[in-house]
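Engineer: Before we start, here is the structure in question, set down as structure tokens.
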Amino acid sequence: MAGTSRAQWGSRLGFILAASGSAVGLGNVWRFPYVTGDNGGGYFILIYLVCIALVGIPILAAEIMIGRAGQKQPVGAFAAIEGRRTLWGGVGWLGVIAGFVILSFYIVVAGWSMDYTLKSVVGFTNGIHKSASIEAAQFRGQAPVEEMREMLAERKADETSRSETSAMRRALAPKTWRDLDRMRSAIEGAVDPSAARARLMTDDEVLANVEAAERKEAAIEAVRAEHLERARVEIAALTENDVLERAEDTKRRDLIAEGVGAAFGATASDGWTSAFWSLLFMLMTILIVAGGVAEGIERACRVLLPALLVLILVMVVYGFFQPGFAAAAEFVLRPDASRLLPSSVLEALGQAFFTLSLGMGAMITYGSYQRAEANRAGPGLIGESVAIAGIDTLIALLACLMIFPIIFSFGQAPAAGPGLVFISMPLAFAEIGAGGMLLAILFFGLLFFAALTSSISLLEVIVSYFIDERDWSRTKATWILGLVVLAFGLPSAFSMDPGFVMSGWEPSYGANFFDVMDHLSSNWMLPAGGLLIAIYAGWFMPKRVRDAQLDGLGAPILLGWLLLVRFVAPALVIAVLLQKVGILNIDDLLIGLGG
Ligand code: PHE
């Protein structure tokens with residue numbers, strides 16, 4: 001992609017591959033499963049699919065169309081279509097800023113995938129497998145059978161009570177639980193605990209919250225105790241040999257989970273490690289965008305995207321035979337309104353934008369690299385959009401079917417936050433043993449590559465603005481902007497490091513810097529950008545330009561698209577944003593940002 005004479009994709013397939021490369025990335029394999037886990041699965045996925053179909057696909061087509069018609073990056077494309085500079089250029093600007101924010105934390109997670117590729121090459125899952133197996137065998141040989149029975153009963157109770165108790169927990173607002181936590185830590189540190197309690201209790205709201213949370217906690221305990229009673233009876237009926245077998249197995253899985261958790265901690269909670277890998281990943285992104293070797297990437301996509309898909313399928317099949325599969329299938333597939341949080345609709349919408357690379361002009365930019373004669377291919381526009389969204393959604397859903405059986409098989413919580421994929425997959429790889437090492441290398445290597453094809457599209461949006469509108473050279477723009485984004489990403493790299501100066505964010509706002517950037521960009525900036533793009537394409541784009549773009553499209557499809565892009569998509573986005581803004585108070589907003 002050169003600055004002077006506009007580069008073009010080799011073919012229509014080339015365009016679809018490049019756009020899919022942008023769409024398929026960490027959003028599918030890292031972000032989708034983790035927000036699904038945080039939002040209770042089931043209904044969340046359903047809402048997400050509705051967002052993809054009614055909002056995502058129409059806006060995707062709109063972006064491609066604007067790029068193709070304008071033959072420029074987002075800021076310039078609107079001016080080119082309008083024949084002069086208008087306020088619509090601001091949409092492009094918003095996109096440049098959103099790209100900046102997204103890329104700043106994207107490189108951190110992509111960096112983790114590089115770290116994990118290297119960890120896999122030196123066989124970290126193998127090591128965990130070996131020591132866990134040895135220790136579990138010792139446990140089997142030494143621990144009293146009664147202790148084993150109790151451990152198995154506890155585990156069983158955790159499993160059977162989980163969905164009920166977590167629904168009970170969610171019945172109270174996060175703020176309520178936080179007041180309880182705050183109260184506890186105040187008492188813990190205080191010289192005179194009852195005085196500390198009395199002081200905090202002077203605030204009526206805190207008082208009410210603490211009492212409500214304590215009552216709920218007792219109720220949750222009671223439910224768990226019931227489950228434990230039942231589990232004890234069940235386990236008591238097992239033969240001693242069964243108990244030994246199961247105890248060893250459970251112990252091994254626990255130890256594996258411990259080792260895998262420690263490995264993630266070593267990466268994420270060490271700011272310097274995260275920063276180092278972010279830097280390396282950013283340099284690779286810069287080199288590719290600066291060198292304009294995007295065609296190489298386009299060609300590599302042809303092989304590596306299907307490879308990622310196949311590997312995910314292999315792991316889905318593996319998960320199918322794991323003990324947690326039924327629980328996972330229930331979690332992912334069964335719509336259960338009680339698990340849905342009020343903020344989930346916004347999360348689903350934000351995820352739809354994020355995963356399709358929408359709302360910030362990446363698809364406008366990629367569309368602009370399509371030959372103008374592609375104008376002729378009206379039907380192509382919708383077909384391409386559906387194909388890109390279809391590939392993207394398929395990979396996202398499969399990623400959930402791959403991750404959650406593992407999570408449930410190891411008794412882990414689905415709401416593990418941004419670490420989910422890095423905690424869940426190594427569990428399976430470690431459990432598999434020697435062969436798992438190869439799978440781990442392939443998996444994290446392909447994840448890294450998928451992240452790279454997305455990050456270049458993010459940087460491309462930012463860079464192409466400075467090339468087209470500011471006359472910077474490609475080299476200068478890429479290096480300067482890439483390094484600025486990297487600097488802005490450092491607080492995200494350090495945000496999970498307890499020694500970091502800004503670690504005070506998390507306790508006071510319920511979300512760290514990284515989470516705030518993630519949710520701010522996906523849930524607010526992208527939907528806002530997408531809304532404006534839909535309004536432009538539906539209502540303001542000169543009819544002559546739009547007709548030329550849509551030439552050849554059948555009347556029903558054209559009508560359907562217009563209906564969606566004019567009314568349905570804007571109405572849905574506005575409704576979701578307003579519902580969120582309407583109940584605004586700064587505390588709630590920050591909880592919302594923090595998920
Ligand atoms: N769609 C990419 C992913 O799923 C992320 C992305 C968002 C890329 C916005 C470009 C623009 O990983």
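Engineer: Only Lys, Arg, Asp and Glu count, each charged at its Cβ (+1, +1, -1, -1), so figure out the dipole size of region 6-90 about its Cα centre, rounded to 20 debye.
Structural biologist: Using Cβ point charges on Lys, Arg, Asp and Glu, region 6-90 gives about 400 debye.
Engineer: Within the accessible area of region 422-489, what % is carbon and sulfur when the probe is 1.4 Å and the other protein chains stay in place?
Structural biologist: 71
Engineer: Count charges around Gly25 for me, please; just the other residues with Cβ under 13 Å from its Cβ, Lys/Arg as +1, Asp/Glu as -1.
Structural biologist: Overall, the nearby charge balance is 0.
Engineer: Where the centre of each part is set by its Cα atoms, how far does region 434-467 sit from region 61-102, in angstrom?
Structural biologist: Cα centroid to Cα centroid, the span is 25 Å.
Engineer: Kindly report, to the nearest 10 Å², the accessible surface of Glu82 as traced by a 1.4 Å probe over protein heavy atoms only.
Structural biologist: Its heavy atoms expose roughly 50 Å² to the probe.
Engineer: Let me make sure I get this right: for the chain, a, b and c are the square roots of the gyration tensor eigenvalues over alpha carbons, sorted descending. Under 1.5 in a/c it's rounded, otherwise prolate if a/b > b/c, else oblate. Which is it?
Structural biologist: Prolate is the answer for the chain, as a/c is 1.5 or above and a/b outweighs b/c.
Engineer: Measure out, as a whole number of angstrom, how far apart the alpha-carbon centroids of region 11-45 and region 243-322 sit.
Structural biologist: 15
Engineer: To continue, here is another question. Apply the a/c threshold of 1.5 to the C-alpha gyration tensor of region 530-579 and tell me whether it is rounded, prolate or oblate.
Structural biologist: Here region 530-579 falls in the oblate category.
Engineer: Quick one: pull the percent of accessible area on region 148-270 belonging to carbon and sulfur, 1.4 Å probe, ligands and nucleic acids left out.
Structural biologist: Whole-percent figure for carbon plus sulfur exposure: 52.
Engineer: Hey, if you put +1 on the Cβ of every Lys and Arg and -1 on every Asp and Glu Cβ in the chain, which of Trp112, Leu228, Ala537 ends up farthest toward the positive end of that dipole?
Structural biologist: It is Ala537.
Engineer: Same structure, new question: Summing +1 for each Lys or Arg and -1 for each Asp or Glu, what net charge is found among the other residues whose Cβ lies under 14 Å from the Cβ of Leu439?
Structural biologist: Computed value for this residue: 0.
Engineer: Rounded to the nearest 500 deg cm²/dmol, what is the calculated helix-only ellipticity per residue at 222 nm for the chain, with -39500 (n - 2.57) per DSSP H run of length n ≥ 4?
Structural biologist: -25500 deg cm²/dmol
Engineer: Helix 526-535 versus the longest principal axis of the chain: what angle, 0 to 90°, nearest 10, using Cα atoms?
Structural biologist: On a 0 to 90 degree scale, this one is about 30.
Engineer: Only four residue types carry charge here, +1 at the Cβ of Lys and Arg and -1 at the Cβ of Asp and Glu. Report the dipole size of the chain about the Cα centre in Debye, rounded to the nearest 20.
Structural biologist: Using Cβ point charges on Lys, Arg, Asp and Glu, the chain gives about 2220 debye.
Engineer: Using alpha carbons only, how many degrees (0 to 90, rounded to 10) separate the axis of helix 569-582 from the longest principal axis of the chain?
Structural biologist: Its long axis makes an angle of about 50 degrees.
Engineer: Let me ask you something else. Would you work out which of Ala153, Ala167, Gly89 lies farthest towards the positive end of the dipole of region 61-190, given +1 charges on the beta-carbon of Lys and Arg and -1 on that of Asp and Glu, about the Cα centre?
Structural biologist: Result: Gly89.
Engineer: I'd like to check one number: the per residue accessible area of the chain, probe 1.4 Å, reported in Å² as a whole number.
Structural biologist: 39
Engineer: Moving on to the next point. For the pair Asp203/Arg470, report the inter-label distance in nm, with labels modelled 7 Å from Cα in the Cβ direction.
Structural biologist: 4.3
Engineer: Helix 420-432: angle to the longest alpha-carbon principal axis of the chain, degrees 0 to 90, nearest 10?
Structural biologist: Once rounded, the angle reads 60 degrees.
Engineer: What does the net charge come to around Phe448 if you take all other residues with beta carbon closer than 14 Å to its beta carbon, with K and R at +1 and D and E at -1?
Structural biologist: 0
Engineer: Using label points projected 7 Å from each Cα along Cα→Cβ, tell me how many nm separate Glu211 and Ala195, to one decimal.
Structural biologist: If labels sit at Glu211 and Ala195, their model points lie 2.5 nm apart.
Engineer: With +1 assigned to the C-beta of every Lys and Arg and -1 to the C-beta of every Asp and Glu, and no other charges, what is the dipole magnitude of region 425-563 about the Cα centre in debye, to the nearest 20?
Structural biologist: The calculation lands at about 440 debye.
Engineer: Additional query: Along the charge dipole of region 126-280, pointing to its positive end and built from +1/-1 on Cβ of Lys, Arg, Asp and Glu, which listed residue (Thr202, Ala247, Ala268) has its Cα farthest out?
Structural biologist: Of the candidates, Ala268 comes out farthest on the positive side.
The values are calculated or read from the model by the stated rules, or taken from the named source; none is laboratory data. Treat the numbers as computed from the prediction; the structure is a model and nothing was measured. A quick note on method: Cβ atoms are made from the backbone with ideal geometry, for glycine too, and the neighbour counts reach across all protein chains shown. Ligands, DNA and RNA are stripped out before the accessible areas are found, and what is left, the full protein with its side chains, is counted by its heavy atoms. Shrake-Rupley method; radii C 1.70, N 1.55, O 1.52, S 1.80 Å.
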